[in-house]
Every structure is written in C-alpha cells, then in structure tokens.
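**Student:** The following block contains the structure, expressed as structure tokens.
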Amino acid sequence: MEPISGVPAVLAMLGKIVGIFTAVMIVVAYTTYAERRVSAWIQDRHGPNRVGPFGLLQPIADGIKNILKEETMPATANRFWFVLGPMLSIIPALVAIAVVPFAAPLPTPWGVVDMVVADVPIGVLWVLAIGSLGIYGIVISGWASNNKYAFLGALRASAQMVSYEVALGLALIATLMLAGNVTLTEMVWQQQQLDWWYAFPLSLAFILFVISAFAETNRLPFDMPEAESELVTGYHTEYSAMKFSMFFIAEYAHMMTASALMATLFLGGWDIPFATWDDAYYWQGQYISGFDEAGAPIAASLAAWKSLATYAVFSLKTAFFLFLYIWVRWTLPRFRYDQVMTLGWKVMLPVSLAYVMVVASTILVLDYLEIPYGFVFGLVLTVVSGLCTLGFLFFLDRDRVIAGAAVPHRLDRPVRMPDTRVPGPAIRGD
Amino acid sequence: MDIDLLSTAYSILAVVAVGSALGVVFGRSPVASLLFMVSSLASIAGIFVILEAHFLAAIQVMVYAGAIMVLFLFVIMLLNLGHDYQQDLKGWAWSMVALFVSGGIGGVLVQRFLDLRGTGLSLGLGLPNGNALDRSIEELGALGVIAEPLYTTYVVPFEITGILLLVAIVGALVLAKRNVEGGGTVDGGAAGGEGGR
C-alpha cells in the first residue's frame, strides 16, 4: 500500500482540514454543555435541561444569543487592538491541534491517508510554538481594554504562561528522550513498540505535564487571569457578545488541544490497549505493524474499520482528559497568585529538571546493558519513575510549599506559612 | 509548480518581514512596534521553513516570538506607559554613530547581494548542497541535524555560550536584588524583580 499522492492527496488534505475544524467546533460547543451538566451533577443540581432533549441544544442557543447580542465598545479602549485581541486569541487555539494524529492510517482506493492534518517534522514543538503565541491575544486584549482589572488579568496570564511553559517543556523532554523523536506519529508508534504507554514509565513527567497543561490553559485551580472574586473576569471584563464568545471558544479549544496532546504523549494516542492488530507506521516506504524475531518488518494490514476503532479510542482518551478538566474545576479551590508562582518556580521547575536527569541516566544505563526497547525496558523505567512519583507526591502535598489560608488543625507539626506581611507603621492600641 | 509556490511564499514572507521591520522603527506606540517585531520574527520563521530548517523555525517562534517578546511586552506595559518619546530622542552625535553602524552593516549586505547576483544561485532559495542536507535530515531527523554537530563538533563554543548566558542571568539577579533592598517593600511573585523604582 502506497501513501496517497497527487490530486486525491490535496482533496484528502482539504477534507481533513474541514473535518477537524468542524470536529473541534462541535467538541468545543459540547464541552461547554458538559461543563455545565457535570458541574450541576457535582453540585447536586439539574443544569441546563430545557433546550431540546436533556438540554442538548443549549450550546446552539448560546451561540445564536452571542451573535445577536449588542457589541459594546468601551469609550476609553484602544479600538484597533481591542478588536484584534480576540482574533489573536482564537487563531492559535484552533491551529495547534493540526499535528495530533487521531486514528490509524486509512486505506482508500487512491492510496493510504495518514489520519493527521499536518505531520510536520517538528511535531510537538509546533504545539509549543503556537501555544506560546496564544498569550498575545490575552495580553493585547487586557491592555487595550484600558481597565485595571483586565490589565491585571493580562499580566497574570503572561507571567503564569511563561512560568509553566518551562515545566511543560521539561516534562516533554522526558518523553522525547524515550521516543527519540518529536513527531507525534512516531511517538504513538514508539509507545506501541514499548508495550507501555508513557504514562507508566514516565509517570512523574505525566503528572508534571498535566499540572502545567492546566496552568497553560488558565483553568482552575490556575485561573488567576480571570479570577472572578478578585478581577471581575480578568482580561475579558470589557468584552461582550461574539468577541467574548471568541475568548470562550479559544479557552475550550486550548483545553481540547491539551487533552488530545496528553492522550497522544502519555496514553498512546490512538493505540488500542492490549492489542497489536491496530499498530501501523510508515517505515521506509511501507506500512508496518512491527518487527519479527529476526528484525524483519511485518507489513501492516490496514482497514477502514480499524481506523474507525482507533479513532473511537482516541476520542475516548481525549474525552477523559476533558472530563478531568471539568472535574478538577468543580472540585478544587483557586490558588493565591503567589502560590501559583511558588509552585511553578520552586517546585515544578527543580523537580522536572531533576527528573529529566533521572530518566536520562536510567535510559543510558539500560542502553549500556543492551536491554532491547520493549516490555522490560519499560518495566525498569516504570519502577524508577514510580519511586520518583511517590517522593514527589509525599513532598508536594504536605503543606510545606503551598499552605492554605485555613490553619490545619490535624497536623502534629507546625506548618511554615509564607511570610506575606507587608512592613508598615505599627498601629497603636492594636 | 513546487518552485513557483515556494518562490511566491518566500516573496510574501520577505515583504512581510521587511515591512514589519520598518513598522518596528517607525511605529509611534511601543506596543505596536513590539507586535510588528513579532510579525517580523514569525515571517523569518516562515522563511526558515521554506529552507527546510523546521527546528530553527520552531525555536524562532517559541523562544523569540513566544517568550522573549512577551517579556518585552511585559516591561513596556508596566514601565513605559505615558512616556513621551521625545525625551528618548538622541542628539546628533548618537545619530551619526547609528548611521555609521547601520550603514556599515547595510553596505556589507548589499555587497554580498551583488556578489551573489552573478553566480546564478537563486537568491533566498539557494541551498548549497541541497541533496546532502536532505540526506542528513532523512538520517538524523529534523532535530538531529542540529543536535548532532551542536553536541559533538561545536560542544565547547556551545557550553561557553551557556556560561555567558548564565553570567548575564546572575548579573541581572544581583542588580535587581540590590534595587529591591533599597526600595523597601518586597511584593511576592514575578513582579518582585522590578520593585523599587
């Protein structure tokens, strides 16, 4: 089977672009619905249930409402940048997902179609590059609003995203070292070859990545840029109607990209667990499903139903992370701003740096012992990473770094609170 | 068809890059200048992609457009609001120095351009040993092409650059720290670095 080429390839590409765009918009719309239904479920309420069966048409009603509402333009806002802000926000959110493979290659009469919009050679770096451009939309809109709450939200957003990008990148390096490549297609293939999803041999990287991804998408407990109790709604305080809606779509599209990325990097992407019949990879001019004992490639048998099955599995994994986002949002309280920064720079950064060293040394030792890339290789890494993860969790969640506002009364030892007192004149008679 | 498409893309990117660079210099608002600079850097990243230097393009966007420019934006928004640019204009002596430096660099570039004109090497898209580059990308991957020489042949200059950057970071920290102590209150978080004006 040959990869598709010529005019059919162009048509297939256009089809994939339109299909993925539509899918993202639909998933975004229904994630907002899921957010409200799940939050209602968690808080023992009903949630939206009036528009259509089970309230399923609610996102459409919301969309129509947002288009029909009046656009307000603050008198003191900088018009040009104020309008540009939402656009700069939504474009990176929608294009970042282009490199994520979403199913096994699909055989067609004209050739095999890779189920990824753009399998660029830099793979996951594309997501990071585009993601880092996403800050501009937030910062520009916060600044152009000429509103102190919006401006504070924008500053918080940029500081937070720059801080957590470091930990995100370092967690990613662990996966890159194990996979030996950056394209996401290859990442999926390497996880199929290892017989372990990277969430197990790189468990600490997985945890660090999930935390950083929450911070990067500005979701609770990291939603400092739009903390309602402090900043009205932060950078989009002055926005209304469809412009606000664009920020909303951008946030959920970011969530979806992050979920798809986490599923691909750490949960094997479209790989079906405990099965090898779905494995497929384009290797030296042919599609293979693996290597036999002698090291000769085994040709992959591609089928439309396999593509469909792998697509379903990929959707399930992405949906799991989207649910995790919602679950965490309605379970955890918001951090204080200094806690966010402390966690980012004093915990995440050193831990991820040390962990990269541990993983690199382990891989080096395993390579030196000439252990083949497979189940045993993954098992050793799983044990090593498991120990690191245990250490990390016991270190992190003991009120040492992040002390809550309430005084813990069930701990034996005193808790060191960060010194946040501002020196000032002593108040008499106090 | 391929060559035409690439040439067209190159022309568009080159015009955007140069146009944005002019925008950086002539823009009145510092924020607008900064965004023009981001657009210029992004166009140059696009040119890197045309030259098959995918990794450089990604790093260009990630590091310069994504991280460094955001810090610039931060500083401009926090410190430079309400300033009149008139005070920042330099005297004629500085203008002469600037003219001399930029004229020198411009002259070298024009000289290089004129040298290449006669050689028949297509400007901008001329890849010396294009096939060799393709082969090594095939062999080492988009990252390996950079990483392999960087960590073998050029490891000493690479490490020296790293130490240089470390010195700069430590120096910045020392300067900022002294300012904070002189200025009184220390507020937590990232804004602490510029406390005490």
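**Student:** Does segment B:1-82 come out rounded, prolate or oblate by the C-alpha gyration tensor, with a ≥ b ≥ c the root eigenvalues, rounded set by a/c under 1.5 and, if not, prolate when a/b is larger than b/c and oblate if not?
**Tutor:** Judged from the Cα gyration tensor, segment B:1-82 comes out oblate (a/c at least 1.5, b/c at or above a/b).
**Student:** To continue, here is another question. Taking chain A as a Gaussian network, where each spring joins two C-alpha atoms under 10 Å apart, which residue of A:Ser259, A:Ser240, A:Ser307 fluctuates the most?
**Tutor:** Residue with maximal mean-square fluctuation among A:Ser259, A:Ser240, A:Ser307: A:Ser240.
**Student:** For each of A:Val127, A:Val358, A:Val162, count neighbouring Cβ atoms within 10 Å of the residue's Cβ, then give the residues from fewest to most.
**Tutor:** In increasing order of surrounding Cβ atoms, one gets A:Val358, A:Val162, A:Val127.
**Student:** Assuming a strict under-21 Å limit between Cα atoms, what lysine pair count do you get for chain A once near-sequence pairs (fewer than 8 apart, same chain) are dropped?
**Tutor:** 6
**Student:** Please work out how much length the chain gains when fully extended from A:Ile173 to A:Phe375, using 0.36 nm per residue of separation minus the C-alpha to C-alpha distance, in nm with one decimal. Can you show the working numbers first?
**Tutor:** Working: separation 202, 0.36 × 202 = 72.72 nm, distance 2.12 nm.
Residue separation times 0.36 nm, minus the Cα-Cα distance, leaves 70.6 nm.
**Student:** Follow-up question, since we're still on this one. At q = 0.25 Å⁻¹, what is the base-10 log of I(q)/I(0) for segment A:339-382 according to the Debye formula with one equal point scatterer per Cα and no solvent? Please give it to two decimals.
**Tutor:** Here log10 of I(q) over I(0) equals -0.80.
**Student:** Here's another thing I want to ask about it. Just want the ordering: A:Thr22, A:Thr362, A:Thr264, from fewest to most Cβ atoms lying within 10 Å of their own Cβ. Display every interim value, and only then the final one.
**Tutor:** Details: A:Thr22 10, A:Thr362 20, A:Thr264 30.
So the residues, fewest neighbours to most, are A:Thr22, A:Thr362, A:Thr264.
**Student:** Could you give the distance between the Cα centres of segment B:31-68 and segment A:17-78, to the whole Å?
**Tutor:** 34 Å
**Student:** Now, a different point. Taking a ≥ b ≥ c as the square roots of the Cα gyration tensor eigenvalues, with a/c under 1.5 meaning rounded and otherwise prolate when a/b beats b/c, else oblate, which class fits chain A?
**Tutor:** oblate
**Student:** Take each complete run of DSSP H in chain A, measure how far its Cα atoms stretch along the helix's own axis, and keep only those covering 24 Å or more with mean Kyte-Doolittle hydropathy at least -1.0; list them.
**Tutor:** A:7-42, A:79-95, A:124-144, A:148-179, A:241-266, A:304-329, A:349-368, A:375-396
**Student:** Quote the relative contact order of segment B:1-82 in percent (integer), defining contacts as alpha-carbon pairs under 8 Å separated by 6+ residues.
**Tutor:** That works out to 27 percent.
**Student:** Shifting gears a bit: Of A:Asp44, A:Asp338, A:Asp271, which has the largest mean-square fluctuation in a 10 Å C-alpha GNM of chain A?
**Tutor:** A:Asp44
**Student:** Say R0 is 25 Å: what FRET efficiency, to the nearest 0.05, do A:Met73 and A:Glu228 get from their beta-carbon distance?
**Tutor:** E between A:Met73 and A:Glu228, to the nearest 0.05, is 0.60.
**Student:** From the helices alone, meaning DSSP H stretches of at least four residues, give me the mean residue ellipticity at 222 nm for chain A, per-run term -39500 (n - 2.57), in deg cm²/dmol to the nearest 500.
**Tutor:** Estimated from H runs of four or more residues: -19500 deg cm²/dmol.
**Student:** For the pair A:Phe21/B:Met96, report the inter-label distance in nm, with labels modelled 7 Å from Cα in the Cβ direction.
**Tutor:** The modelled label-to-label distance comes out at 5.8 nm.
**Student:** Taking Cα pairs under 8 Å and at least six residues apart, what relative contact order does chain A come out at, in percent?
**Tutor:** Worked out over chain A, it gives 20 percent.
**Student:** Right, something else. Remind me, relative contact order of segment A:109-195 in percent, using alpha carbon pairs under 8 angstrom and six or more residues apart?
**Tutor:** Value for segment A:109-195: 34 percent.
**Student:** Quickly work out the B:Ile163-to-B:Ala9 label distance, labels modelled 7 Å from Cα along the C-beta direction, and quote it in nm with one decimal.
**Tutor:** 4.1 nm
**Student:** Fewest Cβ neighbours within 10 Å first, please rank B:Ser7, A:Ser89, A:Ser5 accordingly.
**Tutor:** A:Ser5, B:Ser7, A:Ser89
**Student:** Take chain A, connect every pair of alpha-carbon atoms lying under 10 Å apart with a spring to form a Gaussian network, then pick out the residue of A:Gly234, A:Gly386, A:Gly344 with the largest mean-square fluctuation.
**Tutor:** Residue with maximal mean-square fluctuation among A:Gly234, A:Gly386, A:Gly344: A:Gly386.
**Student:** Name the long-range amide H neighbours of A:Val112: under 5 Å, sequence gap of 5 or more, or other chain; modelled H, no Pro or chain starts.
**Tutor:** A:Glu2, A:Ile4
**Student:** For A:Gly290, which sequence-distant residues (separation of 5 or more, or a different chain) have an amide H within less than 5 Å of its own amide H, given hydrogens modelled in the peptide plane?
**Tutor:** A:Ile298
**Student:** Can I ask one more? Would you calculate the separation in nanometres between label points at A:Trp330 and A:Ile42, each defined as 7 Å from the Cα along the Cα-to-beta-carbon direction?
**Tutor:** 0.7 nm
Readers should treat all values here as calculations from the given coordinates under stated rules, not as data from a laboratory. Since we're looking at a predicted model, the values are computed, not measured. Here the Cβ is made from the backbone with ideal geometry for all residues, glycine too, and neighbour counts use every protein chain on show.
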